[in-house]
Amino acid sequence: MDPEKACDKLDNLLKKRGDAVHRSRVAQPGPTPPHLVTKDELEKAIRFIKELVAATERALGGGK
């Protein structure tokens, strides 16, 4: 992945994280609303961040 695309993806993840943290949950009757982040999105984000860390370590000469 090129650096610009990686930066955009990281920015989007941080925005979504901020939205989730600052989202107020008011108790309402009825079914609970779905989570802002799905399990699949979370797994993809974790994988992306691990790959980003590995690429950074390689670029700095300390990676695998």
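None of the figures in this text is laboratory data; all of them are computed from the coordinates on show. Keep in mind it's a predicted model, so treat the numbers as computed, not measured. Cβ sites come from the backbone with ideal geometry, for glycine too, and all protein chains shown count toward neighbours.
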| message | Checking the cross-link filter: which lysines have an alpha carbon closer than 21 Å to that of residue 39, excluding same-chain neighbours under 8 positions apart? | response | 9, 15, 16, 50
| said: If I build a Gaussian network model for the chain, linking alpha-carbon pairs within less than 10 angstrom, which residue out of 27, 54, 45 has the largest mean-square fluctuation? | reply: 27
| said: Using a Gaussian network model on the chain with a 10 Å cutoff between Cα atoms, which of 25, 47, 17 fluctuates the most? | reply: 25
| Tally Lys/Arg at +1 and Asp/Glu at -1 over every other residue whose Cβ is under 11 Å from the Cβ of residue 8; what's the total? | 0
| Pulled fully out, how much extra length does the chain show between residue 52 and residue 35, if you take 0.36 nm times their separation in residues and subtract their Cα-Cα distance? | 3.6 nm
| field | Estimated Rh, the chain: Kirkwood, alpha-carbon pairs, angstrom | value | 14.0 Å
| query | Say we join alpha carbon atoms closer than 10 Å with springs in a Gaussian network model of the chain; which of 42, 52, 13 then has the biggest fluctuation? | reply | 42
